[in-house]
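Novice: The structure that follows is given in the form of structure tokens.
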Amino acid sequence: MTHERYAEDGEASRVLGQLLDARHSCRAFLADPVPLAVQRQILEHALRTASWCNAQPWKLHITQGAATERFRALMLSAPEPGEAGPDFEWPKAYEGAHRQRRFDCAMQLYDSVGIARGDREASARQARENFRLFGAPHVAIITSDAALSVYGAVDCGAFVANFLLAATSVGIATVPQASLAGRPKRVREFFGLGDDRLVVCGISFGYADPAHPVNRFRTTRADLDDVVSFVSG
């Protein structure tokens, strides 16, 4: 298919728009595993991701079956004294529009599962679901080459976005998780990774539980004019 064909019939743009609209962060999964052939199909698409100088810094470790359960148990166990934080620094602060969007997302999440505002115990239980992988049968851990610093992480972010869309295209639900990167020492020990690999994030994935209310809310996106300036002349 030529570039002219893409422009003429608009089919590719419509399909991309449908995938972007359909994708959401799933926070309740069924236990059914995803066939390995389907996982490979998702990865073949994601591996076409562009990267700076075609460095392709990403490496993935994807759990199956008993390995998922062992990793889930490890993440759920109590933090060790002095356990190191993430390889990439957490945001210093959420301010202005960023703060409001974060707040709105949290309130939608809490409303969907009946958590009252100010109920810290219930919100902590919900946060713990991150380390339970929301019940997903698989988790993909994405790491980057330490020598590439933040630019390797930027490339990995592009890979994550394409993984999410590729999964959506074959009916697989996903949730990207920075929380798993908050315990990099555990991740390295579990997967036998060296210090030259920096933990970027995880992606829990599987089949969404359609009956769970947490999967019914959707976040909004900023208007184009709020984030884009067209400069000419």
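The values are calculated or read from the model by the stated rules, or taken from the named source; none is laboratory data. Since the structure is predicted, the reported quantities are computational estimates derived from the model, not experimental observations. Note that each Cβ is placed from the backbone with ideal geometry, even for glycine, and that neighbours are counted across all protein chains shown.
Novice: Do you know which residues across the range 141-174 are in a strand (DSSP E or B) and either crowded, with 24+ Cβ neighbours inside 10 Å or at positive phi (or both)? Give the steps one after another, and end with the answer.
Specialist: Quick first cut of the range 141-174, residues in a strand (DSSP E or B) only: 141-145, 173-174.
Passing the criteria: Ile141, Ile142, Thr143, Ser144, Ala173, Thr174.
Novice: For the range 73-111: of the residues being among the aromatic types (Phe, Trp, Tyr) and not in a helix (DSSP H, G or I), which is surrounded by the most Cβ atoms within 10 Å (Cβ to Cβ)?
Specialist: Phe88
Novice: Out of the residues in the range 83-132 that are among the acidic types (Asp, Glu), out of contact with any strand residue (DSSP E or B) (no Cβ under 7 Å at 6 or more places or on another chain) and in contact (Cβ under 8 Å) with a residue 12 or more places away in the chain, which is farthest from Thr68 (Cα to Cα)?
Specialist: So, considering only residues that are among the acidic types (Asp, Glu), out of contact with any strand residue (DSSP E or B) (no Cβ under 7 Å at 6 or more places or on another chain) and in contact (Cβ under 8 Å) with a residue 12 or more places away in the chain, the one farthest from Thr68 (Cα to Cα) is Asp104.
Novice: Give me the pairs: first residue in the range 33-55 and more than 17 Å from Leu164 (Cα to Cα) and at pLDDT 95 or above, second residue aliphatic (A, V, I, L, M) and assigned to a loop (DSSP other than H, G, I, E, B), beta-carbon distance under 6 Å, and six or more apart or on different chains, which are they?
Specialist: Matching pairs, first to second residue: none at all.
Novice: Filter the range 175-220 for residues that are farther than 15 Å from Phe29 by Cα, of a type in the set (Lys, Arg) and either touching a residue at least 24 places away in the same chain (Cβ under 8 Å) or part of a strand (DSSP E or B) (or both) and give the result.
Specialist: Arg183, Lys185, Arg186, Arg197, Arg218
Novice: For the range 48-70, state whether one or more residues are exposed (fewer than 11 other Cβ atoms within 10 Å of the Cβ), in a helix (DSSP H, G or I) and not aliphatic (A, V, I, L, M).
Specialist: Within the range 48-70 (the criterion being exposed (fewer than 11 other Cβ atoms within 10 Å of the Cβ), in a helix (DSSP H, G or I) and not aliphatic (A, V, I, L, M)), the answer is yes, since at least one residue qualifies.
Novice: Separate question: Tell me, please, whether a residue that is surrounded by 15 or more Cβ atoms within 10 Å (Cβ to Cβ) and assigned to a helix (DSSP H, G or I) can be found in the range 223-232.
Specialist: Within the range 223-232, not a single residue is surrounded by 15 or more Cβ atoms within 10 Å (Cβ to Cβ) and assigned to a helix (DSSP H, G or I).
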